[in-house]
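These notes are about the structure you will find just below.
The values are calculated or read from the model by the stated rules, or taken from the named source; none is laboratory data. Keep in mind the model is a prediction, meaning the values are calculated, not measured. Virtual Cβ from ideal backbone geometry, glycine too; neighbours counted across all protein chains shown. What goes into the accessible areas is simple: the full protein's heavy atoms, side chains included, and nothing from ligands, DNA or RNA. Shrake-Rupley method; radii C 1.70, N 1.55, O 1.52, S 1.80 Å.
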Amino acid sequence: MRLTRLQLSNFRCYGSLDIQPSARLNVLYGENAQGKTSVLEAIRLLATTRSLRAGREAEMIRQNEEMAHVQAELYRDCAGEADLMITVLPSDRKNVRINGTKRPRVLDLLGQLNVVFFGSPDLDIVAGEPADRRHFLNVEISQVSPRYVGAFAQYKKVLEQRNRLLRDLRERPRNPVEAGLNEWTEQLAEYGAQIFEKRQFYISMLAPLAEEAHRALTAGREGLEIRYLPGISLPGQVRESSPAPWPARINGPAYDPPECMESPLSATESIAEAFRRQLAAAMQEELRRGGTVLGPQRDDAAFLVNGRDARIYASQGQQRTVALALKLAEYRLLEKMVQEPPVLLLDDVMSDLDDARRSCLLQWVEECGQTFITGTSLRAFPPAMLAEGALFLADKGMLQRTN
Amino acid sequence: MHYARPLAQLVSELERLPGVGPKSAQRMAFHLLRQPQEDARRLAEAIMSVKESIRLCAECSNFTDQELCEVCRDTRRDRALLCVVAETRDLIAMEKTGEYKGMYHVLQGLLSPMENITPDLLKIRELFPRVAGGVQEVILALNPTAEGQTTALYLASRLKPLGIRVTQIAHGLPAGGDMEYADQATLISALQWRREV
Ligand SMILES: Nc1ncnc2c1ncn2[C@@H]1O[C@H](COP(=O)(O)OP(=O)(O)OP(=O)(O)O)[C@@H](O)[C@H]1O
Ligand SMILES: [Mg+2]
Ligand SMILES: [Zn+2]
């Protein structure tokens, strides 16, 4: 899939911008703080409905302006043309239009445009806190599973309500059953199970691809292993009926991921049952503490490089390599699931990489569909790239095509 | 510069209304100020008369100006069917369909610890004597939100042991809606709440 036109209005440093990107490679260059990342952020906003940076969504609105618009014309190999638009309001709320029609939910935008973003915040997936890894999973799974998005929103609400009830019960002890604790627990188990199931499945698909990419990036010198660390103990083989997530890769064909994230509605039931049991066992502790003590809000993932936790033991370069391997894997997974190449967004990655990783990255870009890549100077890019790509100079909130 | 005191007081009272921010409260206050005396008095009287004459129906907790509400007074309705709703406005929405001929029970809210709405604040206790008096089916017509679904579970787990049929309205495609344009969440819920044909 590719963007054929991108329009920004009052988005970050842009008053108005209207560009027609190349179907293949787009190089955005310019000095610091000229608006390169903001263009990638706008594209990613259309794909994920979320801002790239932490903080309030309304911060994307240009200073002293009322609202920000991002609009794109899209061409999809499988579904033809589409016109997507998202408006960010000062209240942090967003409105969405697809082909000119206003949609009741912002989430309707998900699945229209698929992107893989790689930039400096991605180092946090490896080096940061568990919350950073959960955020990574949320964003990636949202792109391929609308059911996950719905379940996640409901779970958050239920968790908040249940925590409040547990706090009340501690402050003002009374019969928890009469107060409705069982029903909040049941809802927590139901939606929580959907989150566990999707995360477990997503990681089981991503891991072999990332491990393969990591081997290529390190010329086989380092081994990566990815583990899901769920916030409860999950039942053993929950996905017996699905294609084996760990195929034999030694001398065999490359791992071939499935085309779909959605499992039968019944597949989450055994997880829900395990979650229910563990919540029941933890009830006294929860009442004593006045809050929910287990669930997907405690999830984490571990990245082991040569058997050692990369968050603690890996060097900066090794951590960056793991992040890059994850992104390569994500790209392949998304490509398989949506059955066409997603749009690749690479923010300021060239300058940080050594020669080996750089050539690996270049090879990746070579095989990709539409790509947007930023850098502070054209010198950061190899001549082949500059010869082939459409060059855009970012300068004080303007973007000019220079070739 | 500050508003004259009575004006400031009106603005701050209006601001407390749901969905009214400081800006619209100001606009409303100035609008009322410009209105003829008569109009303002009619509004004030309407507000007072609602407070003085409207109470909860002794039977179903719907808002009414009599002992029993219009639905409960209607002897032609089917007393074996009881539809549980959160608010009077949900009852009105159901009535507008003209399709439902049973009785109602208005909970006057949904369970929500964050808003301090505990089971004893809802009209749940009042439900059981009614159910014991010959009701054959209880239809739960509550929103598909976390609060609505939790309240539905709460009621179902207490009604079912009494041997009463408990059903829940389907949450799915709006009638006349086109499958193709239904959002994913709606389609999924339509699928989840499917029934035999
Ligand atoms: N809401 C906003 N209104 C106006 N300007 C903003 C807003 N948010 C960010 N900016 C500014 O937009 C400019 C461009 O930011 P951006 O991150 O896109 O730059 P960049 O070209 O990627 O820089 P670098 O090379 O340092 O990564 C910055 O000067 C930033 O301060
Ligand atoms: Mg930048
Ligand atoms: Zn009544």
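Counting DSSP beta bridges with both partners in chain A, what percentage is antiparallel, nearest 5?
70
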Exercise. What accessible area, in Å² to the nearest ten, does a 1.4 Å probe give for B:E115?
Worked result: 120
Exercise. Would you list A:S142, A:S270 from the most to the least accessible area, probe 1.4 Å?
Worked result: A:S270, A:S142
Problem set entry | Helix A:355-367 axis, angle to chain A major axis (alpha carbon atoms, nearest 10°) | 90
For this session: Could you run the Karplus curve 6.51 cos²θ - 1.76 cosθ + 1.60 with θ = phi - 60° over segment B:59-68 and give me ³J(HN,Hα) per residue in whole Hz, x for Gly and Pro?
Result: 9, 10, 6, 6, 6, 8, 9, 10, 4, 10
Exercise. Using alpha carbons only, what's the Rg to Rh ratio of segment A:266-402 with Rh from Kirkwood?
Worked result: 1.15
For this session: Would you please give the residues with an amide H less than 5 Å from that of B:I117, counting only those at least 5 places away or on a separate chain, with H modeled from the backbone geometry?
Result: B:S112
For this session: Give the accessible area for A:D83 in Å² (nearest 10); use a 1.4 Å probe, count only protein heavy atoms, and leave out ligands, DNA and RNA.
Result: 40
Seminar exercise, completed: So the A/B interface buries, both sides summed and with a 1.4 Å probe, an accessible area in Å² (nearest 100) of 2100
For this session: Mind pulling the angle between the C-alpha long axis of helix A:181-217 and the longest principal axis of chain A? Nearest 10 degrees, somewhere in 0 to 90.
Result: 40
For this session: Straight distance only, please: which lysines reach the Cα of A:K157 with their own Cα at less than 20 Å, same-chain residues fewer than 8 apart left out?
Result: A:K94, A:K198
Problem set entry | Dipole of chain A [Lys/Arg +1, Asp/Glu -1 at C-beta], most positive-end residue of A:Q400, A:H69, A:N99 | A:H69
Problem set entry | Residue-by-residue Karplus 3J(HN,Hα) for segment A:279-285, coefficients 6.51, -1.76, 1.60, Hz, glycine and proline x | 5, 4, 5, 8, 4, 4, 5
Exercise. Residues of segment A:94-116 with accessible area at least 30 Å² lower in the all-protein-chain context than alone (1.4 Å probe)?
Worked result: A:R103, A:R105
For this session: Just tell me how shielded A:186-192 is by partners: mean number of partner chain Cβ atoms within 10 Å of each residue's Cβ, no decimals.
Result: 2
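By average Cβ neighbour count within 10 Å, what is the ranking of A:217-225, B:16-24 from highest down?
For the peptides A:217-225, B:16-24, the packing ranking is A:217-225, B:16-24.
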Exercise. What angle, in degrees between 0 and 90 and rounded to the nearest 10, separates the Cα long axis of helix A:130-144 from the longest principal axis of the Cα atoms of chain A?
Worked result: 70
Exercise. In nm, to one decimal, how far is the A:S377 label point from the B:S24 one, both placed 7 Å along Cα→Cβ?
Worked result: 5.6
For this session: Could you work out the mean count of beta carbons from other protein chains within 10 Å of each residue's beta carbon in A:319-332?
Result: 0
Exercise. If we sort B:159-167, A:66-74, B:33-41 on the protection proxy, mean other Cβ atoms within 10 Å, highest first, what's the order?
Worked result: A:66-74, B:159-167, B:33-41
Exercise. What's the average, rounded to a whole number, of partner chain beta-carbon atoms within 10 Å of each residue's beta-carbon in B:146-158?
Worked result: 5
Seminar exercise, completed: In segment B:99-122, the residues losing 50 Å² or more of accessible area (1.4 Å probe, heavy atoms of protein chains only) relative to their chain alone are B:P113, B:M114
Exercise. Under a 1.4 angstrom probe, counting protein chains only, how are B:H171, A:H214, B:H31 ranked by accessible area, largest first?
Worked result: B:H31, B:H171, A:H214
Seminar exercise, completed: Sorted by chain and number, the residues with a modelled amide H under 5 Å from that of B:C69, at a separation of 5 or more or across chains, are B:A58, B:E59, B:C60
For this session: Can you tell me the FRET efficiency between B:R42 and B:Q136 if r is taken as the Cβ-Cβ distance and R0 is 56 Å, rounded to the nearest 0.05?
Result: 0.75
Seminar exercise, completed: Sorted by chain and number, the residues with a modelled amide H under 5 Å from that of A:G223, at a separation of 5 or more or across chains, are A:N306
Exercise. Leaving out ligands, DNA and RNA but keeping every protein chain, what accessible area does B:D120 have, in Å² rounded to the nearest 10, with a 1.4 Å probe?
Worked result: 100
Seminar exercise, completed: For A:T4, B:T75, the accessible-area ranking with a 1.4 Å probe, largest leading, is B:T75, A:T4
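Which whole-number percentage describes the relative contact order of chain B, with Cα contacts under 8 Å and a sequence gap of 6 or more? Walk me through the numbers on the way to the answer.
Details: 210 pairs, mean separation 24.6, N = 197.
It rounds to 13 percent for chain B.
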For this session: Report the normalised scattering of chain A as log10 I(q)/I(0) at q = 0.06, 0.14 Å⁻¹, calculated by the Debye formula with identical scatterers on the alpha carbons.
Result: -0.26, -1.31
Exercise. Using θ = phi - 60° and the Karplus form 6.51 cos²θ - 1.76 cosθ + 1.60, what ³J(HN,Hα) does each residue of segment A:385-393 get, whole Hz, x for Gly and Pro?
Worked result: 5, 5, 5, 8, x, 8, 9, 10, 9
Exercise. When the scattering of segment B:5-53 is computed by the Debye formula from its Cα atoms alone, each counted once and equally, what is log10 I(q)/I(0) at q = 0.15, 0.16, 0.18, 0.30 Å⁻¹?
Worked result: -0.43, -0.48, -0.61, -1.12
Seminar exercise, completed: In whole percent, the fraction of accessible protein surface over the protein assembly as shown that belongs to carbon or sulfur atoms, probe radius 1.4 Å, stands at 51
Exercise. Per residue, how many Å² of accessible area does the protein assembly as shown show with a 1.4 Å probe?
Worked result: 51
For this session: Scan segment A:164-194 for trypsin sites (Lys or Arg not before Pro) in coil per DSSP, keeping those whose Cβ has at most 13 other Cβ atoms within 10 Å, and list them by number.
Result: A:R174
